1. All but one of (1) at pLDDT 95 or above; (2) surrounded by fewer than 19 Cβ atoms within 10 Å (Cβ to Cβ); (3) within 17 Å of ILE155 (Cα to Cα) hold for THR48; which doesn't?
2. For residues that are aromatic (Phe, Trp, Tyr) and free of Cβ contacts under 8 Å to residues at least 40 places away in the same chain, scanning just the stretch 24-45, find the one that is surrounded by the most Cβ atoms within 10 Å (Cβ to Cβ).
3. Could you please give the count of residues in the stretch 9-23 that are of a type outside the set (Gly, Ala, Ser) and touching a residue at least 60 places away in the same chain (Cβ under 8 Å)?
4. Can you tell me which condition CYS169 does not meet? The list is (1) within 17 Å of the chain's Cα centre (by Cα); (2) outside any helix (DSSP H, G or I); (3) at pLDDT 90 or above; (4) not basic (Lys, Arg), and all the others hold.
5. Go through the stretch 13-45 and give me each residue that's of a type in the set (A, V, I, L, M, F, W, C) and under 19 Å from ASP83 (Cα atoms).
6. Taking only the stretch 181-204 into account, find how many residues are out of contact with any Ser or Thr (no Cβ under 8 Å at 6 or more places or on another chain) and over 13 Å from LYS161 (Cα atoms).
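The values are calculated or read from the model by the stated rules, or taken from the named source; none is laboratory data. If you're wondering where the values come from, they're calculated on a predicted model, not measured in any experiment. Quick reminder, even Gly has a Cβ in these numbers, built from the backbone with ideal geometry, and neighbours come from all protein chains shown.
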Amino acid sequence: MMGFVYLWRNTKTNKKYIGSHKGSPDDGYIGSGLLFSRAYKKNPNEFTRQILYVGENYRKIEARVLKLLNAAKSEDFYNLKNDAIGGWEHAHTKEANAKRKISLSKVKKGIFPEHLRYDKSGSSNPMFGKKHTDETRLKMASKRIGIANKKQPVIELVSGKTFETVNACAEFYGVTASTISALMKKDKLVKRGKTKNTHFRAIS
């Protein structure tokens, strides 16, 4: 069954909502998110909709995009969860209540990543005294330039456009697949070239 993934944007606050729906983009469906619905009903004229994807994999794409952007933890989104399953059981969770009252910056304040808590210098480094083989270095280089990731789904974060493969994304922007994959690895705004003012990221 065909469906679509959509993004609603509040033109006044720039707050967004991502959802999906089984049907067609012109069937009149708005959305069912709790916080989004309240805001939309209050001022529908402040919202604009963008279609991110149309096809059979709409639920899968929605879930990937939500998790990639971590929308449920972001103050920039109305979404209360990072999955594509409907329902109201999430409305009063600790996470939902925290999102209403606490900004993301305050939640993150003081958190120190676990992987940085131990010393990895000198003999404590797993690669201490070892060298990568030529074959390993070739594989690592290939991944860095994107050769191994041409079938990876991609999202362009500035426009919100999604692509099922790197090749499809490359064709759209008129560049090579390796170029797109390399930009995905850099994960930052592109400042020049054919893809100027874009920001590519893999949908995992």
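1. (3) is the only condition that THR48 fails.
2. Among residues in the stretch 24-45 that are aromatic (Phe, Trp, Tyr) and free of Cβ contacts under 8 Å to residues at least 40 places away in the same chain, the one surrounded by the most Cβ atoms within 10 Å (Cβ to Cβ) is TYR40.
3. 5
4. (2)
5. Listed by number, the residues that qualify are ILE18, ILE30, LEU34, LEU35, PHE36.
6. 14
Let's see how each residue does on (1) farther than 16 Å from ILE203 by Cα; (2) assigned by TED's automatic domain parsing to the domain that holds ILE155; (3) modelled with pLDDT under 90; (4) touching a helix residue (DSSP H, G or I) at 6+ places or on another chain (Cβ under 9 Å):
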residue	(1), (2), (3), (4)
SER32	yes, no, yes, no
LEU69	no, no, no, no
ASP76	yes, no, no, yes
GLY87	yes, no, yes, no
